[in-house]
Amino acid sequence: MSLKIALTKGRIEEPVIELLTAAGVDCEPLKNKKRKLIINTSDGEYQFILAKGPDVTTYLNSGVVDIGIVGSDILTEHRNEQYELLDLGIGKCQFVLASTTDFEINKEGRRVIGTKYPLITQKYFESLGQDVEVIKIEGSVELAPLIGLADAIVDITETGTTLRENNLFVYDYLDKVSTRFVANRMSLKQKAREIYSLVDKLEKVIKNKELIK
Amino acid sequence: MHKVNLPLGTRDGFGKRESKKYHIKTEIEKKLLENNFMKVSTPLLEHKEVFADFDLKQMGTYQLLDSNDDSLILRPDLTLPLARFLATNNVKLPQRFYYVGERFKISKALSGKYNQMTQAGIEIVGYPSIRAELECMLLINQISTEFLQGKVQIELGHAQFANSILDELTQDELLKKQIKTELFRKNMPKYLAYISVFKDRKEYEFLEKWPRLFGNISWVLRKIKEYVLPEKAQQIINELTQVTSWLEQLPNQKVLLDLSVAPPQNYYTGITFKGFMESISEYVFSGGRYDQLLENFQEQAEPAVGMGIDLEILADFSTISVQKERKDLLYYQPNQLGLVNKILNEHKFELSMEDDLKKAFIAARRQNTKLYMIDEGGNLRNVTEDCFD
């Protein structure tokens, strides 16, 4: 019985493959995937599918994959109910509240906030005792305050370069984000040994990495 | 044109799946009636307060207002309505009940999940004996054998186990709640952060291992022997071990233990059990003991054990075949209706809807059945082989 793993495409693909390789998973087929969507390891132990982050949670929730590797930003925004077994310590970034220089957080009136993460944004402003109007944006969130769509944005940033290059300033730091190893609840019951064996190997690699640092 | 699309999360039932579902439902009801269970039907609509014990915020429910502006809810669960029923109808206890009906929960939109589900269940009220739990699990085994090739595994847990450990550990109620939440959700980064305050305590090793204490009984018991547990926790382990040994007498019954599992609802107080199958990502059975449930509806608490059975999963995954042979067709004239009535009392036919014999003949050929007609003498005649070409 192979483990089905949904892996988030893009930014974290490479560091995840690095981690998995170090944990003894044969990632050659994954590296040479070309346009394939389903990739089997040669020993038949793992099957990978590559998907967008939010879809990873959908796959996990419906039980069509056993494992999802996905950012905690997406897990929070999509109210994840599956088992978050490990923080992989990669894909690290942080939620920030950012805007142009003239932004005043405590100015009179209701702020308009552009974001890809409406739930997280709403929770953040609720914790400040503020009610804001949230506008959902799918990409290039930085544009929103620049072209006058929103007063500020809530978005994730790794280094802050994009923000700086667009003359946006960070007004507050929200939750930290990193990539998580998530198991479908039923899969963990059915394939506990296989899943925990992978978790333990990954954990060892992560600890060693931290030691070297 | 009228709007033709279904509301989100709903579906029509028809054809093979629907008859399979009906068959399973009927067989389960038959079995329960034969065992002297009393059937109870409660309305789909209840006052919102009936479900006060449910986390209604987290669970999406359909709510509406009646003519008095009272909040009504399409029941998301069938146990609480039954508790309400028992508190208000002077039904003699102890008693064993069963129900079959629809329940409604709003799942995440566009997630492929359905919001209306048929559930069957039993409630054994007024019996403190473990025999109540055993009867539920016996039923799981029987349904599993009959409809799921005996492949259902029973997973045992206990609603008090987590408290029995945490009560000895700390008096900090908030911390206990946080640990429990993350343990049940198996959110390891958060769980490890919460238990880190106990790093210097001898219990820490157990706490670290706790989320993994589930699975094969002998494995879990072997693991748990490595730690000294509070007396109450040990008692629970002994009770579960005992029950397991009884369950293993049942044919093909695999039993698992989970010491890190959340009770299905907040109102559970004792042993909990769930039934699942390899390769199905939902539980088919879920139940346990809730001795305080009735206290919320009346002054006196009653011991109670209940279990829900997911008829949708049974319909989806049962391997039984309910495809019946098609009945033969009977062609008749409207003025023979009295005769038809008599014939149907003795024979089984599908009545032909055709206005002439030739069309009836074509229809019989199409569905590959025999065709009968009533002749002038009032007798049945097989005309399948007659030629009408």
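Every number here is computed from the coordinates shown, using simple stated rules; none is lab data. In this text, all values refer to a predicted model and were calculated from it rather than measured experimentally. Glycine gets a Cβ as well: all are built from the backbone with ideal geometry, and neighbour counts include every protein chain shown.
Highest mobility in the GNM of chain A, judged by mean-square fluctuation with C-alpha springs under 10 Å and restricted to A:Glu77, A:Glu165, A:Glu14, is found for A:Glu165. Hull volume per residue, based on the alpha-carbon atoms of region A:93-176 and their convex hull, is 83 Å³. Restricting the calculation to Cα atoms, chain A yields a radius of gyration followed by a Dmax of 19.2, 62 Å. Helix A:13-22 axis versus longest C-alpha principal axis of chain A: approximately 40°, rounded to the nearest ten.
Close amide-amide hydrogen proximity is noted between B:Thr384 and B:Leu371, each under 5 Å apart and 5 or more residues distant or on a separate chain (H modeled in the peptide plane; Pro and chain starts excluded). Any idea which of B:Leu351, B:Gly378, B:Ile362 is furthest toward the positive side of the dipole for region B:329-382, if Lys and Arg beta-carbons carry +1 and Asp and Glu beta-carbons -1? Most positive-ward Cα: B:Ile362. Build a GNM of chain B with springs between Cα atoms under 10 Å apart, and of B:Gln178, B:Gln367, B:Gln298 the one that fluctuates most is B:Gln367.
Among the listed pairs B:Lys20/B:Lys359; A:Lys191/B:Lys180; B:Lys202/B:Lys225, which are separated by more than 25 Å between their Cα atoms? The pairs that break the limit, which is 25 Å between Cα atoms, are B:Lys20/B:Lys359.
Remark: region A:77-91, residue by residue, has Karplus-estimated 3J(HN,Hα) of 5, 9, 6, 4, 10, 8, 7, 8, 8, 7, 8, 6, x, 10, x Hz, where x stands for each Gly or Pro and the curve is 6.51 cos²θ - 1.76 cosθ + 1.60 at θ = phi - 60°. For region B:58-97, the set of trypsin sites (Lys or Arg not before Pro) satisfying both a DSSP loop assignment and a count of at most 11 other C-beta atoms within 10 Å is given as B:Lys92. Inter-chain neighbour count for A:186-194: the average number of beta-carbon atoms from partner chains within 10 Å of each residue's beta-carbon is 5. Cross-link partners for B:Lys190 among the aspartates and glutamates, with Cα-Cα distance under 16 Å and sequence neighbours closer than 8 places in the same chain left out: A:Asp73, A:Glu81, A:Glu84, A:Asp87, A:Asp175, A:Glu203, B:Glu182, B:Glu208.
Dipole size of region B:329-382 about its Cα centre, with +1 on Lys/Arg Cβ and -1 on Asp/Glu Cβ: approximately 240 debye, rounded to the nearest 20.
Taking the Cα centre of region B:52-139 as reference, the dipole from Cβ charges on Lys and Arg (+1) and Asp and Glu (-1) amounts to some 240 debye.
Evaluating 6.51 cos²θ - 1.76 cosθ + 1.60 at θ = phi - 60° for every residue in region B:262-276, the Karplus couplings come out as 7, x, x, 9, 4, 7, 6, 10, x, 4, 10, 9, 9, x, 9 Hz, glycine and proline recorded as x. Within region A:130-194, none of the trypsin sites (Lys or Arg not before Pro) combine a DSSP coil assignment with at most 16 other C-beta atoms in a 10 angstrom radius. Under 20 Å Cα to Cα from B:Lys342, which lysines show up? Leave out anything in the same chain fewer than 8 places away. Leaving aside lysines fewer than 8 places away in the same chain, those within reach of B:Lys342 are B:Lys327, B:Lys370.
Distant-in-sequence amide contacts of B:Thr269, defined by a placed amide H-H separation under 5 Å and a gap of 5 or more residues or a different chain, comprise B:Arg289, B:Tyr290, B:Asp291. Here the Gaussian network model covers chain A, with springs between Cα atoms less than 10 Å apart; of A:Ser187, A:Ser127, A:Ser72, A:Ser127 fluctuates the most. So for region B:254-367: antiparallel DSSP bridges make up what percent, rounded to the nearest 5? Around 80 percent of the beta bridges assigned by DSSP in region B:254-367 are antiparallel ones. Legend: mean number of C-beta atoms from other chains within 10 angstrom of residue C-beta atoms, peptide B:183-189, equals 6. Rg and Dmax, both from the Cα atoms of chain B and both in Å, are 27.2, 98. Taking amide hydrogens as placed 1.01 Å from N in the peptide plane, the amide H of B:Glu350 sits under 5 Å from those of B:Asp328, B:Leu329, B:Leu330, each at least 5 positions away in sequence or on another chain. Semi-axes of the equivalent ellipsoid of the protein assembly as shown are 50, 34, 28 Å, computed as sqrt(5λ) over the eigenvalues of the C-alpha gyration tensor in descending order.
A Cβ-based charge dipole, computed about the Cα centre of chain A with Lys and Arg at +1 and Asp and Glu at -1, lands at about 760 debye. For region B:157-169, 3J(HN,Hα) computed residue by residue from phi via the Karplus equation (6.51, -1.76, 1.60; θ = phi - 60°) reads x, 8, 5, 9, 4, 4, 5, 4, 7, 6, 4, 7, 8 Hz, glycine and proline entered as x. Counting only other chain Cβ atoms within 10 Å of each residue's Cβ, the peptide A:53-59 averages 1.
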